[in-house]
1. Look at the range 247-272 and say how many of its residues are among the charged types (D, E, K, R) and either surrounded by 18 or more Cβ atoms within 10 Å (Cβ to Cβ) or assigned to a strand (DSSP E or B) (or both).
2. Out of everything in the range 248-265 that is within 15 Å of residue 196 (Cα to Cα) and in contact (Cβ under 8 Å) with a residue 60 or more places away in the chain, what residue ends up being nearest to the chain's Cα centre (by Cα)?
3. How many of the residues making up the range 181-202 are farther than 15 Å from residue 247 by Cβ and surrounded by fewer than 21 Cβ atoms within 10 Å (Cβ to Cβ)?
4. Output yes when any residue across the range 203-213 is farther than 18 Å from residue 250 by Cβ, aliphatic (A, V, I, L, M) and surrounded by 15 or more Cβ atoms within 10 Å (Cβ to Cβ), and no when none is.
5. Being out of contact with any Pro (no Cβ under 6 Å at 6 or more places or on another chain), within 25 Å of residue 315 (Cβ to Cβ), in contact (Cβ under 8 Å) with a residue 40 or more places away in the chain and outside the structural domain of residue 124 (by TED's automatic domain parsing): is that true of residue 272 here?
6. Condition test on residue 300, is it touching a residue at least 24 places away in the same chain (Cβ under 8 Å) and part of a helix (DSSP H, G or I)?
7. Could you check the range 281-291 and list, in sequence order, the residues that are assigned to a strand (DSSP E or B), surrounded by 14 or more Cβ atoms within 10 Å (Cβ to Cβ) and not small (Gly, Ala, Ser)?
Amino acid sequence: MSKQTKLRTTAARWFIRMQEAEPDAPERTQFEAWLLQSPLHQQEYASFSQSWDDIDSIAELKAMVHAKEVAHFIGKDKRVKKVKNAAAVLGTCLVMLVGGVVGQQQYKEWQTSPTLQLAAQTIASQLTTKTFEDGTQVTLNASSSMDVAYYRHQRHVQLNQGEAIFEVTKDTQRPFIVETDTAKITVLGTRFAVNKLDNFVRVSVDHGQVRVESKDSLSTVLLGNGQVAEVPKHQPIQRMNTQANDYFKFVDGLIVFNQSNIYEIAEVLSRYRATKVIAQGAPHEKISAIIEVKDTEVFIDTLPKIANVKVVNAATQRVIQAKE
């Protein structure tokens, strides 16, 4: 193989690899280094990239594997000299490239085929614990739901509603990801809790490191042992000056409120009741309390004594109203 043909083949290989590489993939650094080694590298890569634009699909590539079809492709459309030069490379390494692309596609499909799928849902006052194939345990709180999918390259949980504690078995090859509609939480191995509320998502870390991303504001924070953050809608992530272990106590039958407004209180209490609790009025009042799950009714009745609110009983719900 001549130096020119070898260079063209290398350019073609880099082109194929770069089509599949993630923006932060380590091989992009290698590619950029190769590109800067010589203007010839840049010319050959640009030439192949330009000729590739004339090829509509992988299916067309497969149809061009035979030399006669390659010649017909060139003659029919009267490509410019650069295209003919690139096609010469295709004539010598097309089968390899097609195989590479198809192989990458097959590998991608293999990677994204789930090895485990399950859905879990709890009703009012019910807790459930699930243990997955890697030893990871998830405790789902009352009135919560999640969808789980394990892949060869990652472990994924969609928390649709409610709250859960995740005790994740470490696997550096497969990050563990929890998502809600507004937040994405990524870990390798740790114990943490996620509480999906109407207005924000709370992430609490018992131990280990957790990366929290806001889908709305595109902000990111890294949490460590004992740290807590909240992801409000359309706002940056906020670090909270609260104890993380407070938000793991629901497994012991305790509910902890730390400077919570009436809307958070109503939403959390509703998880343990057949009838809902709703809030009305300005959310200025901040309430802190620790109660047992079995005492939710007593707590609701006590609220007017500890905060500037009143409780109204309706046929199908109880209403916590902020006083003017």
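The values are calculated or read from the model by the stated rules, or taken from the named source; none is laboratory data. Bear in mind the structure is a predicted one, so any value in this text is a computation, not a measurement. Here Cβ is always computed from backbone atoms with ideal geometry, including for glycine, and neighbour counts include all displayed protein chains.
1. 3
2. Result: 248.
3. 8
4. yes
5. Details: out of contact with any Pro (no Cβ under 6 Å at 6 or more places or on another chain): yes; within 25 Å of residue 315 (Cβ to Cβ): yes; in contact (Cβ under 8 Å) with a residue 40 or more places away in the chain: yes; outside the structural domain of residue 124 (by TED's automatic domain parsing): yes.
Answer is yes for this residue.
6. For residue 300, the condition - touching a residue at least 24 places away in the same chain (Cβ under 8 Å) and part of a helix (DSSP H, G or I) - is met.
7. Once the filter is applied, which keeps residues that are assigned to a strand (DSSP E or B), surrounded by 14 or more Cβ atoms within 10 Å (Cβ to Cβ) and not small (Gly, Ala, Ser), the range 281-291 yields 287, 291.
So that you can scan it fast, the table gives a plain yes or no per residue for (1) closer than 24 Å to residue 272 by Cα; (2) at pLDDT below 95; (3) under 14 Å from the mean Cα position of the chain (by Cα):
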site	(1), (2), (3)
148	yes, no, yes
171	no, yes, no
178	yes, no, yes
185	no, no, yes
189	no, yes, no
193	yes, no, no
